[in-house]
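All remarks here apply to the structure that follows.
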Amino acid sequence: MSNNDAVSGALFQHLFRVFSLFADQNEKGTFKPAQAEFLIDELLRELRRQTTPKVHILPDNVTFNEFLNLLQVIFPDREDLQIATDRVFERYVNHVIGKGFVLFRKLTQKRRGCLPIRKRVSDAWQFGWLQVMPGIAKIRKQNTDIDDIVQFDEDTVIETPVIDGDSSIWSVICSSSTTFQFSHLDPIMAQLFVKDMRTARDYPTREELARFDCKRSLKVRPNKEGKIRIELEKERSRLESELEEEKKNRKDEEIVRGLTTRLLKQEMEKSEQMQQVIYELRSKLVNGEEGESLGDGNDNDVEMIEDEISEDVGENEEISITLPSREEKIQQYAYHLYATQAEEHVTSDDEEIWKQNYNLIVSTQSV
């Protein structure tokens, strides 16, 4: 899209007219970002294409060249852009709200007493071209240049379409004694015609319709991508917090396992020392000549030590099976420290007893 094409081409002249229609309402003579998005959506609707979410960050004041560059990205096919531009130009510059082929018939009302009675001028439906503009609707009959004019005012009643066989029928009751009935095979098109007629009734002049269009163009549409981005950020924060909590739990478990392993190692070393002492005592008792009486006492001591060792082994097995929970790890650590100190006291007393027994055996042998 060069500047020469923008000046000489009918496409860009129409685009500039549409641009000027909305830009003249602003102080700087440029588009607002919402107005640029509004016109792009209108062009997409004319091509029966779905409007896309906001993907471009537009400046506060959009110039005509920036608007053309944006259209070149969104509409790479120039023919599609030409068709959509002509329709948008006709809607916002020529103020043609809606148009299309319909079936219609005209009804008149006559009064008999107090109640009005509708009388059909012709039972047959006629085929014509309907064009809706502010305040009026023109109906061009087939093979004729005469138009039927439907005047809209605040008292005009435009009924909702109803299905009658294969077509949708709706009536327009004017303030005068005339009623028009319209029919279309497509129910969606019938609803669009009713919407256009109601717009023409609510904004009967071009100035009022232009103000309505300008107000619509300034309406900021919701940013769907922004909402999705916020939701994704919240989900990411939640997952990160859960990951940090999991890392903390794993670290605590490793600390507990380390403490348990160290305690088990200490218990195993003590058990080996006790086994060595028992072995030495048994050897000395076997070699003694008068060790029966003394042997009985020493056997009791040995059995007592073996019981203590078995209890220590049972405690070791319990420690190896049961791991402290996170809430009780501090209490268990204090408990193990206390148990270790108690076992150290018991071990020192036993050594004193073994020394006394040993001295007794030596003195007996000397005698």
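FYI, it's all coordinate maths here, none of it is from the lab. Treat the numbers as computed from the prediction; the structure is a model and nothing was measured. A quick note on method: Cβ atoms are made from the backbone with ideal geometry, for glycine too, and the neighbour counts reach across all protein chains shown.
Taking a ≥ b ≥ c as the square roots of the Cα gyration tensor eigenvalues, with a/c under 1.5 meaning rounded and otherwise prolate when a/b beats b/c, else oblate, which class fits the range 98-205?
rounded
Fewest first, what order do Thr205, Thr178, Thr30 take by the number of other Cβ atoms within 10 Å?
Thr205, Thr178, Thr30
Go through the range 22-32 residue by residue and turn each phi into a ³J(HN,Hα) via Karplus (6.51, -1.76, 1.60, θ = phi - 60°); whole Hz please, and just put x for glycine and proline.
8, 6, 5, 6, 9, 5, 8, x, 10, 6, 7
Defining a contact as two alpha carbons under 8 Å apart and six or more residues distant in sequence, what relative contact order in percent does the range 3-92 show?
37
Specify whether the C-alpha gyration tensor of the range 3-92 places it in the rounded, prolate or oblate class, a ≥ b ≥ c being the square roots of the eigenvalues: rounded for a/c under 1.5, otherwise prolate if a/b is larger than b/c and oblate if not.
rounded
Using +1 on the beta carbon of Lys and Arg, -1 on that of Asp and Glu, and nothing else charged, what's the dipole of the range 133-220 about the Cα centre, debye to 20?
420
Positive end of the charge dipole of the range 186-281 (Lys, Arg +1 and Asp, Glu -1 on Cβ, about the Cα centre): tell me which of Leu264, Leu192, Leu281 has its Cα farthest that way.
Sorting the options by dipole projection puts first Leu192.
Would you list Val194, Val93 from fewest to most Cβ contacts within 10 Å?
Ordered by Cβ neighbours within 10 Å, fewest first: Val93, Val194.
May I ask you to sort Leu264, Leu232 by Cβ crowding, counting other Cβ atoms within 10 Å and putting the fewest first?
Leu232, Leu264
Counting only other residues whose beta carbon sits under 13 Å from that of Lys138, what net charge do I get with K and R as +1, D and E as -1?
-1
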